[in-house]
1. So which of B:111, B:65 is without any contact (Cβ under 8 Å) to a residue 24 or more places away in the chain and part of a helix (DSSP H, G or I)?
2. Name the one entry in B:91, B:78 that is out of contact with any strand residue (DSSP E or B) (no Cβ under 7 Å at 6 or more places or on another chain), in contact (Cβ under 8 Å) with a residue 12 or more places away in the chain and within 13 Å of chain A (Cβ to nearest Cβ).
3. Given the residues B:85, B:60, which is the only one that is closer than 26 Å to residue A:215 by Cα, at pLDDT 95 or above and in contact with a Gly (Cβ under 9 Å, 6 or more places away or on another chain)?
4. Would you confirm whether any residue within the range B:170-182 is assigned to a loop (DSSP other than H, G, I, E, B) and either surrounded by fewer than 19 Cβ atoms within 10 Å (Cβ to Cβ) or hydroxyl-bearing (Ser, Thr, Tyr) (or both)?
5. In the range B:46-75, what residues are more than 11 Å from chain A (Cβ to nearest Cβ) and in contact with a Lys or Arg (Cβ under 7 Å, 6 or more places away or on another chain)?
6. Give the residues of the range B:140-169 that are surrounded by fewer than 23 Cβ atoms within 10 Å (Cβ to Cβ), within 12 Å of the chain's Cα centre (by Cα) and within 18 Å of residue B:25 (Cβ to Cβ), sorted by residue number.
7. Can you tell me how many residues in the range A:25-50 are under 18 Å from residue A:93 (Cβ atoms), in a loop (DSSP other than H, G, I, E, B) and not charged (D, E, K, R)?
8. Quick check: is even one residue across the range B:281-289 away from every other protein chain (no Cβ under 14 Å) and at pLDDT 95 or above?
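The values are calculated or read from the model by the stated rules, or taken from the named source; none is laboratory data. All values reported here derive from a predicted model rather than from experimental measurement. Positions of Cβ are backbone-derived with ideal geometry, glycine not excepted, and every protein chain shown enters the neighbour counts.
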Amino acid sequence: MDNSPQSISPPSVDVGVDPISQGDVEIETYQVVRPDGSFDADRVPDVDDEALRDLYRWMLLQRVYDNRATKLQRRGRLGTVASGRGQEAAIIGSGFALSQDDWIFPYGREAGALLMHGLSMRDLLLYWRGIEDASKMEGANIFGMAISIGSHIPLATGKAWGMQLAGEESIAFANLGDGATSTGAFHEGMNFAGVLDAPAVYFCQNNQYAISLPFEKQTNADTVAQKALAYGVDGIRVDGNDVLAVYNAVSKARERALEGNPVLVEAVTYRRGAHTTSDDPTRYRSEEEVDEWEKRDPLERYQAFLEETGRWDDIDEEAIREEVEEEFSAAVDAADEFEERGIEEIFSYLHEETPPELQRQLEEFRELLEERPDMYEYIETRPKG
Amino acid sequence: MAAEPDSQTETAADESTGETESLTLVQAVRDGLHTEMSRDEDVVVMGEDVGKNGGVFRATEGLYDEFGENRVIDTPLAESGIVGTAIGMAAYGMRPVPEMQFLGFIYPAFDQIVSHAARLRTRSRGRFTCPMVIRAPYGGGIRAPEHHSESSEAMFVHQPGLKVVIPSTPYDAKGLLASAIRSPDPVLFLEPKLIYRAFREDVPSESYEVPLGEAAVRREGSDVSVYTWGAMTRPTLEAAENLESEGIDAEVIDLRTLSPLDEETIVDSFEKTGRAAVVHEAPKTGGLGAEIAATLQEESLLYQEAPVERVTGFDTPFPLYALEDYYLPEAARIEDGIRNAAEF
């Protein structure tokens, strides 16, 4: 028999216990330009017209890059790629708010932000072609792509902390999706950031899907931004399809981070394409839903703002499009010219000094390939299972 | 072309209707899940994208529609959470089959596997058990991005209390999965995704088991014993066929269960041939090849006529896909290894 107090007299009188729950904290979604193109003049960032035009150019570049990369993959000339279609404002608005000295911890969809940060488009394409050299992310403060979802969050925290200890005036900036917020690494990295006052910004592009899982099944929390409070860091929720809002939000977050207040920014947006080129989203979401978000297109909204403020006339959209198309073609040509890869790349960089057994494995394999050139043929023609 | 592996020598089902269906390996996994879920309502499937989407490789296709969201559970993105929750369900008496989308993403769950799943029975002195099967596609060769191609089976074989199973044919995939799900203890069930759709085989429609812990002789031979598993079975058979013209008669053994190893079959074959090669795509050092070589030494030293050859992946991380074909052992390298063992 259950003689515990609970079984005898369940508490029925109000003794003043008042749990906190969803909805107790109201979180505003920051906006500058509304979906209909109207905007809040006080919130327009104080940047020159050229910068405002650049923002458009970069968003267009992101869109062209995603289209072309996807097509390239379809023709077998690129590996699996993840598109940022629909997220252009989140990607570009955030990238535009960073300093070249900041470190980006990328998550895969933010081509435009990485290119803006100094990465060459050739190298980005080579990375998705499975070329080891491209993982260097040469010439830009960019860490390796976080293919293991969420695993990079503590790394960004550590990098930021190190930068702070060294007295640098820059931040670590981690991109992540809504799926990553479920991982242990995210929780641990965020908590550490709070404890260490790390100068870091965690930019969650909440595109509503982790492959097929909709955001409402990813977490029972109403927002990602509210999680900031639990970690003792600042939080911002921003309309991720409003490039000026994202730019302002991340600029503010960066400023706070430099003061020792890490910030979790949630940009509410939508992944209009597939998760990657291996995915078929028609299996798990409706066309109506996708259409609904297409109406909130970030480029169109920004164009409306530019038109409204008389800046659109100075923008030759066709010319920009042609220019970025050419830029992409040139990058593909450069990637095609990249010399054939050698097997030593598998072995190099694993240790500062290659241990004897590993050296032996490399040499034996090299000898085998010299003796048996037919192996190359096999390797090139082998069908994929 | 490799010879079609023939696993039809297995004892068939209890209630044979004789009906079969020609299935790929991944379809056989799906069929195995379906069969087990139909016969036991405690069996639940859970993981990332296993529900509505039917799994990224379609291994759970249609199960969500048939069994509903309480038995085919789309989980948040967190491997540790998926496995940890499954362990709790198993301890309660369910038979969860959590999926890791790729073996390369299992590591956050490593803590749950080694700290809880593998030792739940012993640390609770038999009060709780963990009848759970973690499914994970493993291995390279499909031009996937980083972390999508690992073969880290040895890490799990090293963990006491955990069984590790790898099918190499559709027939075995279904039968081994059934045995794994019915097993009273936790099983890591690794699926060679390179051959998920590489060939078809007649698979009985009804329920049947292929017992855990039993290797299969895929090709009988008298000169060299070649031990392998998973996606390496086909190129190994191909190598064995190629070597016939050189007068080398290789026996190819598909281990199927890596933990516990079928020592009897391993040793019997070696005592016949006196020579051995092990083929695996995982790195060489600390791999299963070493365990097999040591077993042969312990059990059959006086039969041994040559060093045990290891044809394996290199002691490096699996490369990005531009170089992956160089990393994976293929028929020519395997031939060389078998030849070395035969001609020593």
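1. Checking each option against the conditions leaves just B:65.
2. B:78
3. Working: B:85 fails: in contact with a Gly (Cβ under 9 Å, 6 or more places away or on another chain).
Being closer than 26 Å to residue A:215 by Cα, at pLDDT 95 or above and in contact with a Gly (Cβ under 9 Å, 6 or more places away or on another chain) holds for just one of B:85, B:60, which is B:60.
4. Quick first cut of the range B:170-182, residues assigned to a loop (DSSP other than H, G, I, E, B) only: none.
No, the range B:170-182 has no match at all.
5. Start the filter on the range B:46-75 by keeping residues that are more than 11 Å from chain A (Cβ to nearest Cβ), which leaves B:46, B:59-60, B:62-63, B:65-68, B:70-72.
Across the range B:46-75, the qualifying residues are B:59, B:60.
6. Passing the criteria: none in range.
7. 7
8. In the first step, residues of the range B:281-289 are kept if they are away from every other protein chain (no Cβ under 14 Å); the result is B:288.
Next, from what is left, pick out any that are at pLDDT 95 or above: B:288.
Yes, the conditions are met somewhere in the range B:281-289.
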